[in-house]
1. Calculated from DSSP H runs of 4 or more alone, at -39500 (n - 2.57) each and per residue, what is the 222 nm mean residue ellipticity of the chain, nearest 500?
2. Between residue 131 and residue 278, how high is the FRET efficiency from 1/(1 + (r/R0)^6) when r is the Cβ-Cβ distance and R₀ = 30 Å? Nearest 0.05.
3. For the chain, what is the charge dipole size about the Cα centre, in debye to the nearest 20, if Lys and Arg each add +1 at the Cβ and Asp and Glu each add -1 at the Cβ?
4. With +1 on each Lys and Arg Cβ and -1 on each Asp and Glu Cβ, how big is the dipole of the stretch 87-158 about its Cα centre, in debye rounded to the nearest 20?
5. I'd like to know which of 176, 242, 42 lies farthest towards the positive end of the charge dipole of the chain, counting +1 on Cβ of Lys and Arg and -1 on Cβ of Asp and Glu.
6. What full-extension length gain, to one decimal in nm, is calculated for residue 190 and residue 162 as 0.36 nm per residue of separation minus the Cα-Cα distance?
7. Which FRET efficiency value, to the nearest 0.05, is calculated for residue 44 and residue 12 with the Förster distance at 51 angstrom and r the Cβ-Cβ distance?
8. Between residue 85 and residue 226, what is the FRET efficiency for a Förster distance of 41 Å, r being their Cβ-Cβ separation, to the nearest 0.05?
Amino acid sequence: MRVALLTDETGWHTRQLQAALRARGAEGRCVDLEDCRIDTTVAWHGLAIPGFGRELPDAAIVRGIAGGSFEQVTKRLAVLHALRELGVAVYNDARAIERSVDKATTSWLLHAANVPTPPAWAIESPAQAQRLVTRESAAGHALVLKPLFGSQGKGLRRVGLVDGEHVPLPALQDFGALAYLQRFVPALQSPGFDWRVLVVGGRALTAMKRIGRGWIHNVKQGARCVAQPLDAPLASIAERAAAALRMDYAGVDLIPAPHGPQVLEVNGVAAWQGLQRVTPFPIARALVDDLLDRKLASAAPARRA
Ligand SMILES: Nc1ncnc2c1ncn2[C@@H]1O[C@H](COP(=O)(O)OP(=O)(O)O)[C@@H](O)[C@H]1O
Ligand SMILES: [Mg+2]
């Protein structure tokens, strides 16, 4: 069993996965998606995956898709789509990654599935977006302006009614000329916190509270990780969020609100180093077990010419 670990950076996560795969008698090989090629002359399947010769891996775990031009990212996703079409178990599947990497699609899918999530908008017209911010501000709300493909809490801005002052929408050139806005959920206590819940194979397995100094509670922004027992409402909302996006595994961000937790976003290429510190079992083992025991069993067999 040979598993491609698709990543542009090798480190703690890939080492954890390799060890977990080894423990199951499988081998994990790191491959950069940038180096994977479509080549219809090289083999029947039309792909060149470095390290696998003319063969295909039995499965692939997507650990990262590096940023690039629209064309480069399209090709990297095309390789993932092709692997799936060829019967390779891709974990998470490219379609699930597309659904979760685009925060507006995530918001829409959560809304469509009746999963509690703050109201959200994706608007191209700056004038229309500015009118929305003014209206929300008048109603007493702040909004979070987020980069559509953002991660690690980078580039978030609060607009609308922020600490009693009206903050207008900034110019959108740093946001790809798109206003993706989500209504701000004020902290219920101080210091504020949110939750990260890891859902694997449909089940919420472990959770943590992330406590930060400001209002952005990412581990990369210095939030402190504290164990969080998985109570029924938290587990159930996180599982419904992962199901709405049809994820094999997902890192679900939730925030406490007066009527229960709200889902802020869903991560399809989630990191788990912070979560591992407060989780009593090896997370990589849970991911690899789910891949080998559930996902691999359901992958279609490859069509050979
Ligand atoms: N609507 C919101 N209300 C309150 N806090 C938010 C909201 N959106 C984001 N945050 C804070 O910012 C963090 C990062 O936002 P998130 O949507 O998860 O983007 P990223 O992909 O950068 O992690 C969240 O974990 C939360 O602490
Ligand atoms: Mg997040």
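Only the coordinates and a few stated rules stand behind these numbers; no lab work does. All of these numbers come straight from a predicted model, not from anything done at the bench. Neighbour counts run over all protein chains shown; Cβ positions are idealised from the backbone, glycine included.
1. Numbers: 8 runs with 84 residues, N = 305.
-8000 deg cm²/dmol, from helical runs alone.
2. On the way: r = 43 Å, r/R0 = 1.44.
The calculated FRET efficiency here is 0.10.
3. Details: 36 positive and 28 negative charges, 85 e Å.
Once rounded to the nearest 20, the dipole reads 400 debye.
4. Numbers: 9 positive and 5 negative charges, 55 e Å.
Dipole of the stretch 87-158, to the nearest 20 debye: 260 debye.
5. Value computed over the given set: 242.
6. Values: separation 28, 0.36 × 28 = 10.08 nm, distance 1.66 nm.
Between residue 190 and residue 162, full extension yields an extra 8.4 nm.
7. Working: r = 36 Å, r/R0 = 0.72.
Once the sixth-power term is evaluated, E becomes 0.90.
8. Values: r = 42 Å, r/R0 = 1.04.
That gives a FRET efficiency of 0.45.
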